[in-house]
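Participant: Sharing a structure with you now.
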Amino acid sequence: MNVYVVDDNTEFTDVITQMLCETGYPAKGFNRGMDLLRHADPTSSDVLILDVHMPDKNGIALLKELSSFSIKPCVILLSGYDKSILNSASTFAQSLDFNVIGTLSKPFTRRVLLNMLEFASQGKVGEEKDNVAKVNPIDVEEAIEHNQLDIFYQPQVNLRDGVVTSYECLLRWHHPELGLLSAHQFMLADLPDITKLRLSLWVLDRIAEDAESLSELPHFKSISINVSASSLVTPEYQFRFNSLIAGKLIAPNQITLELIEREFLEGNQDVLDILVNLRIKGVGLSLDDFGTGYSSLSLFHTLPFSELKVDKSFTKTMLSNAQSLNIVRSCIDLAKRMELKVIAEGVESHEIYEHLQHEWCDSAQGFYIAKPMPLETLMSWNANFNHQIYN
């Protein structure tokens with residue numbers, strides 16, 4: 001794995017470059033961004049260790065220039081200044097489609113840097129990165145008509161004992177040209193409300209078909225279903241949801257509806273009425289992707305949520321970004337004080353899993369535990385699952 005180091009401090013660059021070469025990472029050092037562009041091919045580097053603050057072309061300007069390349073290196077950002085600038089620079093780099101391994105405030109230890117490089121060498125950086133597909137509502141309607149949709153299930157486990165507590169139902173599209181697409185990849189959030197409703201109704205119908213198999217899973221407890229506020233308030237969705245629980249294979253208290261935070265910016269009395277009645281029936285309500293929208297504590301005061309999900313963008317970077325770690329801790333603390341269950345998404349390593357245990361997070365979900373899988377695979381996975389591995 002080739003590494004380029006770009007920092008205006010010559011002594012620092014030489015020390016880091018020599019250390020990397022001695023530990024088995026071929027490395028080259030540059031003291032200016034222009035030197036990298038003039039004397040090297042940035043696409044030949046697997047990892048770019050980049051100082052954000054440099055005189056002639058700072059790290060941000062260099063990233064903007066490198067963003068036009070078809071092949072981009074993974075990035076580790078450095079700074080001896082304000083940590084908030086470093087965190088913002090990381091967000092900016094990700095917006096340019098760079099895989100950011102982590103951020104380092106100077107001074108840092110050799111071990112921390114080598115751990116980041118080891119993480120990158122194992123191919124864990126960006127392994128869940130989505131390529132967004134440009135589709136239109138007509139394409140989605142045709143996918144429904146031609147049976148191209150599917151439900152994948154991703155387990156959630158209790159961080160105290162490693163036992164599976166729930167399965168999140170995730171929409172997938174077997175696109176004839178683009179392959180398997182997640183809901184994020186075909187921009188579900190940006191589709192018209194009528195198309196979202198059609199998809200939401202399809203999901204409920206499919207879960208009804210899978211209900212018998214799900215209920216037969218050993219120690220089956222619950223499922224989580226994503227739904228938009230615009231779909232939830234429609235009579236069609238309420239009728240279909242009531243039909244699902246009327247089937248008695250899955251009880252109301254075995255279902256959690258996940259709703260996205262940003263959809264509650266404006267007060268909606270219809271939504272409040274429906275949510276209260278769902279909670280009275282025993283249905284769980286989860287505030288999904290918490291912290292990524294325009295957070296308002298009034299949501300917890302006015303809406304009867306039973307669960308909070310920490311967004312994966314914070315969980316995945318909590319060990320390499322102090323600000324992400326503080327946000328995760330704050331979310332867990334808030335949930336505990338509000339007597340809500342808290343689930344962390346994006347758990348991709350044993351280290352993150354273990355750290356969340358120490359932070360007293362309730363449950364975890366992510367690739368370290370299991371990737372989303374179709375029902376047939378889930379049945380086999382569940383039969384072979386050993387919760388003691390995670391305990």
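The values are calculated or read from the model by the stated rules, or taken from the named source; none is laboratory data. It should be emphasised that the depicted structure is a prediction, and the values quoted were computed from it without experimental measurement. Neighbour counts run over all protein chains shown; Cβ positions are idealised from the backbone, glycine included.
Participant: Somewhere in region 346-355, is a residue within 17 Å of Val163 (Cβ to Cβ), of a type in the set (Phe, Trp, Tyr), in the same structural domain as Thr256 (by TED's automatic domain parsing) and crowded, with 20+ Cβ neighbours inside 10 Å?
Facilitator: Checked against the condition, which is being within 17 Å of Val163 (Cβ to Cβ), of a type in the set (Phe, Trp, Tyr), in the same structural domain as Thr256 (by TED's automatic domain parsing) and crowded, with 20+ Cβ neighbours inside 10 Å, region 346-355 yields at least one hit.
Participant: List every residue pair whose Cβ atoms sit under 7 Å apart, with the two residues 6 or more apart in sequence or on different chains, where the first one lies in region 122-150 and is on the phi > 0 side of the Ramachandran plot and the second, anywhere, is in a loop (DSSP other than H, G, I, E, B) and at pLDDT below 65.
Facilitator: Close Cβ pairs (under 7 Å, with a partner that is in a loop (DSSP other than H, G, I, E, B) and at pLDDT below 65) do not exist here.
Participant: Is it true that some residue in region 290-311 is more than 21 Å from Pro252 (Cβ to Cβ), buried (at least 18 other Cβ atoms within 10 Å of the Cβ) and in contact with a Lys or Arg (Cβ under 8 Å, 6 or more places away or on another chain)?
Facilitator: There is at least one residue in region 290-311 that is more than 21 Å from Pro252 (Cβ to Cβ), buried (at least 18 other Cβ atoms within 10 Å of the Cβ) and in contact with a Lys or Arg (Cβ under 8 Å, 6 or more places away or on another chain).
Participant: Which members of region 207-220 meet the condition of being without any contact (Cβ under 8 Å) to a residue 60 or more places away in the chain and closer than 17 Å to Leu170 by Cα?
Facilitator: We begin by selecting, within region 207-220, every residue without any contact (Cβ under 8 Å) to a residue 60 or more places away in the chain; these are 207-209, 211-212, 215-216, 219-220.
Matches in region 207-220: Ile207, Ala208, Glu209, Ala211.
Participant: Go through region 81-121 and give me each residue that's closer than 19 Å to Glu348 by Cβ, among the polar types (S, T, N, Q) and in contact (Cβ under 8 Å) with a residue 24 or more places away in the chain.
Facilitator: Ser90, Asn99, Thr103, Ser121
Participant: Restricting to region 52-61, and then to whatever is of a type in the set (A, V, I, L, M) and outside any helix (DSSP H, G or I), can you tell me which residue is surrounded by the fewest Cβ atoms within 10 Å (Cβ to Cβ)?
Facilitator: Out of the qualifying residues, it is Met54.
Participant: Another question, then. Could you run through region 62-111 and say how many residues are among the polar types (S, T, N, Q), assigned to a strand (DSSP E or B) and under 22 Å from the mean Cα position of the chain (by Cα)?
Facilitator: 1
Participant: Could you list, in sequence order, all residues of region 1-14 that are part of a helix (DSSP H, G or I) and surrounded by 15 or more Cβ atoms within 10 Å (Cβ to Cβ)? Outline the logic, then answer.
Facilitator: Going through region 1-14, the residues part of a helix (DSSP H, G or I) turn out to be 10-14.
Scanning region 1-14 gives Phe12, Thr13.
Participant: So which residues in region 20-51 are loosely packed, with under 15 Cβ neighbours inside 10 Å and touching a residue at least 40 places away in the same chain (Cβ under 8 Å)?
Facilitator: Scanning region 20-51 gives Thr23, Ser44.
Participant: Restricting attention to region 53-69, does a residue exist that is among the aromatic types (Phe, Trp, Tyr) and at pLDDT 90 or above?
Facilitator: So far as region 53-69 goes, no, none of its residues is among the aromatic types (Phe, Trp, Tyr) and at pLDDT 90 or above.
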